[in-house]
Amino acid sequence: KKALLKQNRELDEQAVQCFKNIMSYMGDRKSSKPQLAHAKKLLTNLMGSAGSLRDEAYMQLCKQTTQNPRVVSTIKGWELMLFCIATFPPSKHLKAFLMEYIKKAIKDNAQEKITALAEMCLKQLPKIVLMGQRRQVPAKLEMECLIDMKPVPIRVLCCNGSFKTFMVD
């Protein structure tokens, strides 16, 4: 019913909506929408909001991926963490905590898919911190490639009218 971070009390309503999208994507809340629609809605809302709400979302994801009894839900939580890390950086106050949280998850987790997703988060976090927030939400194809931990095919139109495809991570 309230934001996890005390400094975000004025954002309680937005924090609760954020949590509903997280729970829906993770499969812990019933929804008629496809899971990726919840991820896109969450990312869209967070990109246009204050940095404190983004930190709130990161903390909610940390909470939901800590000792979650459902492995499938935990995997979905780590996918969503990866989407967030691919879209916007945490604040400089949260960055160190998030790095340590991810490292601990890699060390303590026996589930191969969770470990792989956490390792990808650890690899991507310094990049998003360096580059800053994206201008647009990742496309569906990019999100699917992130889930599968594969490079994204980018098709580029050349000056001569031909196309060239590059694989990008």
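The values are calculated or read from the model by the stated rules, or taken from the named source; none is laboratory data. These numbers were taken from a predicted model, which means no experiment stands behind them. When we count neighbours, we look across all protein chains shown, and the Cβ atoms used for this are built from the backbone with ideal geometry, even at glycine. We work out accessible area using only protein heavy atoms, side chains counted, and drop any ligands, DNA or RNA first. Shrake-Rupley method; radii C 1.70, N 1.55, O 1.52, S 1.80 Å.
For this structure, a couple of remarks:
- Checking ILE147, ILE75 one by one, the residue that is part of a helix (DSSP H, G or I) and at pLDDT 95 or above is ILE75 and no other.
- Taken over the range 78-100, residues that are in a helix (DSSP H, G or I) and touching a residue at least 40 places away in the same chain (Cβ under 8 Å) amount to 11.
- Long-range neighbours under 7 Å by Cβ, at least six apart or interchain, first residue in contact (Cβ under 8 Å) with a residue 40 or more places away in the chain within the range 141-169, second in a strand (DSSP E or B): GLU142/VAL152
- Only residues that are among the charged types (D, E, K, R) and over 14 Å from the mean Cα position of the chain (by Cα) were counted in the range 113-126, giving 1.
- Failed item in (1) touching a helix residue (DSSP H, G or I) at 6+ places or on another chain (Cβ under 6 Å); (2) among the charged types (D, E, K, R); (3) open to solvent by 30 Å² or more (accessible area, probe 1.4 Å), with LYS92 passing the rest: (1)
- Only listed residue being within 16 Å of the chain's Cα centre (by Cα), open to solvent by 70 Å² or more (accessible area, probe 1.4 Å) and not aromatic (Phe, Trp, Tyr), chosen from LEU130, LEU82, LEU98, LEU141: LEU141
- Check on GLN133, within 29 Å of ILE154 (Cβ to Cβ), in a helix (DSSP H, G or I) and polar (S, T, N, Q): no
- Unique match (being within 28 Å of ASP12 (Cβ to Cβ), of a type in the set (D, E, K, R) and surrounded by 21 or more Cβ atoms within 10 Å (Cβ to Cβ)) among LYS63, LYS76: LYS76
- Boolean, GLU56 is acidic (Asp, Glu) and exposed (fewer than 14 other Cβ atoms within 10 Å of the Cβ): no
- Residues of the range 101-123 that are open to solvent by less than 90 Å² (accessible area, probe 1.4 Å) and in a loop (DSSP other than H, G, I, E, B): ASN109, GLN111.
- Flag if LYS104 is under 27 Å from GLN14 (Cα atoms), out of contact with any strand residue (DSSP E or B) (no Cβ under 9 Å at 6 or more places or on another chain) and charged (D, E, K, R): no
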